[in-house]
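Here the structure comes first, spelled out in structure tokens, and everything after it is commentary.
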Amino acid sequence: MRVIAGSARGRRLKAPRARTRAAGPASVRPSSDLTRGAIFSSLASLGADMSRVLDLYAGSGALGIEALSRGAAWCDFVERDRSVCELIRENLRLTGFERQAQVYRLTSERALEELEGPYTLLLADPPYEDRAALRVLESLSGSMLVEEGRTILVMEHSSRHEPPNGFGPLSLTNSRRHGDSAVSIYR
């Protein structure tokens, strides 16, 4: 896995080792290069403001690091697993973005209570079978983390599931399938 564009282009990122469900939380599934490229191409065509980014369900941190590489001023990463948080910190060091980011070891639900907004870009790549994630994103849309008319939400999800038409004030503007993954953008 690598950063695909921007100032850290080509730098390799570390990914967490896969776990079985019996060993703990479902394994982290980093976004593919193809999917990340499609996400940021869509964001560029929308003229997305990447001044303050939240990478929710951060996993390896690849989405947030890609945003930083492409000019984001700041990114907060939220991940619940302690070892995966350390991996995100290592990936930030490898790419030189450790001074433009903060890693929070929190559940996504708790992050809604503890983080201060608003964010201009929200990146959400929850585990594909985590149906509770939709409730979290609905709560997120009505929180102070979202600024109506300015915040864009990008949700990566299984292509087997139809995306919701909206989350609170955020309406679905675009949804594209990329193999097993789909990317839906809300504004």
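Here is how the numbers come out for the structure above:
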{"read-out": "Residue match in region 111-130 (condition: farther than 21 Å from ILE39 by Cα, modelled with pLDDT of 95 or more and surrounded by 21 or more Cβ atoms within 10 Å (Cβ to Cβ))", "value": "yes"}
{"read-out": "Residue list for region 144-157, filter: of a type in the set (Ser, Thr, Tyr) and surrounded by fewer than 15 Cβ atoms within 10 Å (Cβ to Cβ)", "value": "none"}
{"read-out": "Residues within region 82-99 that are surrounded by 16 or more Cβ atoms within 10 Å (Cβ to Cβ) and touching a residue at least 60 places away in the same chain (Cβ under 8 Å), tallied", "value": "6"}
{"read-out": "The one condition in (1) under 16 Å from the mean Cα position of the chain (by Cα); (2) assigned to a loop (DSSP other than H, G, I, E, B); (3) of a type in the set (A, V, I, L, M, F, W, C) that LEU153 fails to fulfil", "value": "(2)"}
{"read-out": "Residues being touching a Leu at 6+ places or on another chain (Cβ under 8 Å) and aliphatic (A, V, I, L, M) - total across region 163-183", "value": "1"}
{"read-out": "Any hit, region 170-181, residues being on the phi > 0 side of the Ramachandran plot and loosely packed, with under 15 Cβ neighbours inside 10 Å", "value": "yes"}
{"read-out": "Qualifying position, being among the polar types (S, T, N, Q) and touching a Gly at 6+ places or on another chain (Cβ under 6 Å), among SER158, SER175, SER141", "value": "SER141"}
{"read-out": "Qualifying residue in region 162-182 (condition: of a type in the set (D, E, K, R), more than 15 Å from the chain's Cα centre (by Cα), closer than 27 Å to GLU116 by Cβ and outside any strand (DSSP E or B))", "value": "no"}
{"read-out": "Selected residue (only one of THR151, THR173 is touching a Pro at 6+ places or on another chain (Cβ under 8 Å), modelled with pLDDT of 95 or more and under 23 Å from SER45 (Cα atoms))", "value": "THR151"}
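The values are calculated or read from the model by the stated rules, or taken from the named source; none is laboratory data. Note that the structure is a prediction, hence the values are computed from the model and not measured. No Cβ is skipped: glycine too gets one built from the backbone with ideal geometry, and neighbour counts run over all protein chains shown.
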